[in-house]
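The values are calculated or read from the model by the stated rules, or taken from the named source; none is laboratory data. All values derive from a computational prediction rather than experimental measurement. Reconstructed Cβ throughout: ideal geometry from the backbone, glycine too, with neighbour counts over all protein chains shown. We work out accessible area using only protein heavy atoms, side chains counted, and drop any ligands, DNA or RNA first. Shrake-Rupley method; radii C 1.70, N 1.55, O 1.52, S 1.80 Å.
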Amino acid sequence: MSLPGYNFAYLDEQTKRMIRRALLKAVAIPGYQVPFASREMPLAYGWGTGGMQVTAAVIGPHDVLKVIDQGADDTTNAVSIRRFFALTAGVRTTERTAEATIIQTRHRIPETPLTAAQILVYQVPQPEPLRKLEPRETETRRMHALADYGLMHVKLYEDIARHGRITLSYDYPVLVNGRHVMAPSPIPSFDNPKMHRSPALQLFGAGREKRIYAVPPYTSVESLAFEDHPFHPWKANEACGLCGATDSYLDEVVVDDRGGRLFVCSDTDHCTTRRAAGHRGAAAGHALAGAGE
Amino acid sequence: MSDAPLLSVRELTVRFGRTLAVDRASFELWPGEVLAIVGESGSGKTSLLRAVHGDLPADGGCVQYRLDDGALVALDELPEPMRRQLARTQWGFVHQNPRDGLRMAISAGGNVGERLMAAGARHWGRIRAEATEWLRRVEIDPARIDDPPRTYSGGMQQRLQIARVLVTRPRLVLMDEPTGGLDVSVQARLLDLIRRLVSDLGLSAVIVTHDLAVARLLADRMLVMQGGRIVEAGLTDQVLDDPQHPYSQLLVSSVLQA
Amino acid sequence: MSEPLLAVEGLSKEFTLHLQGGVRLPVLRGVSLTVRAGECVALTGPSGAGKSTLMRALYGNYLPGRGRILVRHHGRLVDLAAASPREIVAVRRETVGYVSQFLRVIPRVPARAIVAEPLRAAGMDAAASEREAERLLARLNLPQRLWSLPPATFSGGEQQRVNLARGFAFPYPVMLVDEPTASLDPANAEVAVGLIQEAKARGAAIVGIFHDADVRRAVATREHPVVPLAAAA
């Protein structure tokens, strides 16, 4: 049941229709940033208001919602947003990627491959990939309109000149459908390949910047690079201390006051699922694993 | 000598409100030719140059350019993507203030490479090699390729701007007071460099300057502008040594002899 | 008799000084002159008679008022008095050379490159044109250590020799020579005379101003008096 006194999923129906129209346009032009009339949400800009508005516009009573923040289901932001929709839309929530029909995310794509029955909603702080290079909005819009993307490669050129390789490890720019350069939001470059030809619908909401964009299912998403410096998704060269996974994105966690540290899966659901299946890492049984063990 | 002009400007007019900045200016530029536009501040020479480049909307007249295939096209009828494509490959614009033509926070190599990357170059090593070569050509130590231009002197910045423009081998370069704001000794070096590059690359160029010595050194032909109008046009040394229009005579006689 | 390479017909020139209230200064009136291959015509007349003005008009440097200046360029006659600036540039590149009294120095450009420039402009490759430049500079006794320096700091005589070398580097069919020996010592004046003689021998049509009577006698095939208009009136 939803909260009495509020419309289903908080936003009024007019607003949801406005957002859905923006979403339709975004799906029709993959990677193109569609302006929309971003609303005030009952939390501050920068806490996922863009993603919440997109979720509110697409969610229905039978959806199952999962919310992650940096891959974790149990951080404050993820818990708050999940509870927000449980209250205002009365939907079932889950921490299991495979069970969810809508996954709202901040800074990660789940390790479990997504399906055509799922929608991934990204929270985006800065939707304009060219912004740091070209501060003028009129100019960046024109650059997108004319596919004038030399400047984007200048940034990568600089990185290689300075460090010998592309050091950009998150919010790594991509070319969508061979046409628009897009900011994938601050996900690690490790996740970039998951966007390419994903069966799931990917929607992006930037509340403060008032932009919505999308990658429809099975759309080409190519990370920018040079012929002689190809794209390399970055990942710590370690295994998860808890579940032993070597193919997942790892967070480095400081565990005591003596500089002790531990690499663990950033995707908590992935890690939990693996441990439940009997996988064990070098630090299995550590307090970080929670009460479950 | 080609008989077809590369650039043809017809009755170009630019208004700022009620002021006529450029009044029905017409001229042609042939391949390999350098044309100087001289006149005092406010004579409309920079406005004319910017209107030719498409930075200022024209209030009348047209600018025609000959494409590689020989077709003469009116620039205001070209679709914007094509005009931009021309502007970043076949045309170059050198600003008086290098800050307007460079990205000050990006390394010299990135500045020179940008036009290559915009034109589709995607091989880092080759872009770098080309940038190195161009720094050398404009007499900048290639060891400074990774330094941003804000660490460069004014003369070096201006040379870097020229390298950035010439790297795509444009056919037409428009320069707005390229030596303005530089010390005299630095000016001489830059002028010599421009002179050499223009002749080595067979560039066509339009150079706006208030300095008649610059016009004499670089230009085959020149236009004298006053109050938005072209009052005299001709061979550079003829206009300077035997000026016909009262204003040209005033301009020539006002130069201090060093 | 060979075809004339240069034919001046009824040339007039007057200057209008707009800054002096539009005063008109007539300098040349009805000048006619024909020069054939192998001829060297010396312009004579007192200072201020208009000899230099005539030379400059022949080079397209001064705008003629009336009359025609016909030059044989690539086998056809071009009227410099009516030619477009681009045609004049082309004629200067390959047909009409001008050796002026003073060198217009270009900052930072070494003497060798200044001399080689007309050859390069006419299409010769860099190495060959520099070799030819060096040959001429050596012949004019310019010390070798100066070849790679810009001539701005050279003495008057040294600059004049660079100028001569530049003027004679390319074998123009028509040559205009204004006081080629003015600041030269006798030995170098001798070299200059030699250069002019060789140009005549290869069939150039030359118009010159030679104040030095010995030089004039040595090179001129005939004289053409230029009469001051005030005296003529």
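Give me the one-decimal Kirkwood hydrodynamic radius in Å for the stretch A:98-167, with the sum taken over alpha-carbon pairs.
15.1
Seen from all sides and averaged, what is the projected area of the convex hull of the Cα atoms in the stretch C:106-211, in nm²?
If I average the Cα hull's projected area over directions, I get 6.5 nm².
What relative contact order, as a whole-number percentage, does chain B give when Cα pairs under 8 Å and 6 or more residues apart are counted?
Across chain B, relative contact order equals 25 percent.
What accessible surface, in Å², does a 1.4 Å probe find on A:ILE29, ignoring ligands, DNA and RNA and rounding to the nearest 10?
Result for A:ILE29: roughly 60 Å² accessible.
Can you pull the semi-axes for the stretch A:121-162, root of five times each eigenvalue of the Cα gyration tensor, sorted largest first, whole Å?
Semi-axes, largest first: 19, 16, 9 Å.
In straight Cα distance, which lysines are under 22 Å from A:LYS235, not counting same-chain residues fewer than 8 positions off?
Within the straight-line limit of under 22 Å, A:LYS235 reaches these lysines: A:LYS155, A:LYS194.
Can you give the Rg to Rh ratio of the stretch A:35-109, both from alpha-carbon atoms, with Rh computed by the Kirkwood formula?
0.93
Along each of the three principal axes of the Cα atoms of the stretch A:221-293, give the extent in whole Å, ordering the values from largest to smallest.
For the stretch A:221-293, the Cα extents along the three principal axes come out at 48, 32, 16 Å.
Treat each spin label as a single point 7 Å out from the Cα along the C-beta direction, and report the A:THR112 to B:HIS245 distance in nm.
7.9
Take every Cα-Cα pair in the stretch C:179-233 and report what % of them are more than 12 Å apart.
Roughly 69 percent, rounded to a whole number.
Interface size between chain A and chain B, please: total buried accessible area, 1.4 Å probe, rounded to the nearest 100 Å².
1900
Cross-link partners among lysines for A:LYS16, C-alpha distance below 23 Å, same-chain residues fewer than 8 apart left out?
Excluding near neighbours in sequence, the set is A:LYS25, A:LYS66, A:LYS210.
Give me the net charge for the shell around C:VAL41: Cβ to Cβ below 12 angstrom, other residues only, Lys and Arg +1, Asp and Glu -1.
In short, +3.
So what is Rg over Rh here for the stretch C:1-72, counting just Cα atoms and using Kirkwood for Rh?
Taking Rg over the Kirkwood Rh, I get 1.03.
Please compute one quarter of the surface area of the Cα convex hull for the stretch C:1-124 and express it in square nanometres.
The orientation-averaged projected area of the Cα hull of the stretch C:1-124 comes to 10.1 nm².
Roll a 1.4 Å probe over the protein chains and send me the accessible area per residue for chain C in Å².
45
Which translational diffusion coefficient, to the nearest whole µm²/s, is obtained for the stretch A:1-142 from the Stokes-Einstein equation, given a Kirkwood hydrodynamic radius over C-alpha pairs, 20 °C and 1.002 mPa s?
135
For the stretch B:136-253, what relative contact order do you get, as a whole percent, if you take Cα pairs closer than 8 Å and at least 6 residues apart?
RCO, the stretch B:136-253: 17 percent.
For the stretch A:69-210, state the average projected area of the convex hull of the C-alpha atoms over all orientations, rounded to one decimal in nm².
Seen from a random direction, the Cα hull of the stretch A:69-210 projects 9.8 nm² on average.
Report D for the stretch B:14-82 in µm² per second (integer): Stokes-Einstein, Kirkwood Rh on Cα pairs, 25 °C, 0.890 mPa s.
The diffusion coefficient I find is 183 µm²/s.
Only Cα pairs under 8 Å and at least 6 apart count here; give the relative contact order of chain A as a rounded whole percent.
That works out to 20 percent.
As a test of the definition: which semi-axes, in Å, follow for the stretch B:1-131 when you take the square root of five times each eigenvalue of its alpha carbon gyration tensor? Largest first, please.
Working through the eigenvalues yields semi-axes of 29, 20, 14 Å.
Between A:HIS163 and A:ARG131, what length comes free when the chain is fully extended (0.36 nm per residue of separation minus the Cα-Cα distance, one decimal in nm)?
Extra length from A:HIS163 to A:ARG131 when fully extended: 9.3 nm.
Give the share of C-alpha pairs in each 10 angstrom bin for the stretch A:93-139, from 0 to the last occupied bin, in whole percents, shortest bins first.
Cα pair-distance distribution for the stretch A:93-139, in percent: 23, 37, 20, 17, 3.
With solvent modelled as a 1.4 Å probe, how much accessible area in total do chains C and B shield from it at their shared surface, in Å² to the nearest 100?
So the buried area, both faces added, is about 2100 Å².
On a 0 to 90 degree scale, rounded to 10, what angle separates helix C:126-139 from the longest Cα axis of chain C?
80
Return the equivalent ellipsoid semi-axes of the stretch B:62-188 as a descending list in whole Å, where each equals the square root of 5 times an eigenvalue of the C-alpha gyration tensor.
26, 19, 11
Express in Å², to the nearest 10, the accessible area of A:LYS16 obtained by rolling a 1.4 Å probe over the protein heavy atoms while all chains stay in place.
0
On the protein heavy atoms, probe 1.4 angstrom, tell me the percent of accessible surface of chain A carried by carbon and sulfur.
53
Enter the per residue convex hull volume of chain A, computed from alpha-carbon coordinates, in Å³ rounded to the nearest integer.
Taking only Cα atoms, chain A has a hull volume of 150 Å³ per residue.
No solvent, one uniform scatterer per C-alpha: report log10 I(q)/I(0) for the stretch A:140-293 via the Debye equation at q = 0.10 1/Å, two decimals.
Reported log10 I(q)/I(0), two decimals: -0.49.
Take the Cα coordinates of the stretch A:1-72, assign each an equal point scatterer, and use the Debye formula without solvent to give log10 I(q)/I(0) at q = 0.13, 0.14, 0.17, 0.28 Å⁻¹.
-0.43, -0.50, -0.74, -1.40
Relative to the compact-globule scaling 2.2 N^0.38 Å, provide the ratio for the alpha-carbon radius of gyration of the protein assembly as shown.
1.34
Nearest 10 degrees, 0 to 90: what angle lies between the long axis of helix C:85-94 and the longest principal axis of chain C (Cα atoms)?
Tilt relative to chain C: about 50 degrees.
I'd like the FRET efficiency for A:ASP228 and B:ARG24, computed as 1/(1 + (r/R0)^6) with the beta carbon distance as r and R0 of 51 Å, rounded to 0.05.
0.45
How big is the Rg/Rh ratio for the stretch B:150-258, C-alpha atoms only, Rh by Kirkwood, two decimals?
0.99
What is the Cα coordinate range of chain C on the first, second and third principal axes, sorted by size from largest, in whole angstrom?
Sorted from largest, the Cα extents of chain C read 53, 38, 36 Å.
If I take R0 = 25 Å and measure r between the Cβ atoms of B:LEU67 and C:ASP79 in this structure, what FRET efficiency does the formula 1/(1 + (r/R0)^6) give, to the nearest 0.05?
0.15
Sorted from largest down, give the three principal axis spans of the alpha carbons of chain B, whole angstrom values.
Each principal axis gives a Cα extent; for chain B these are 55, 48, 40 Å.
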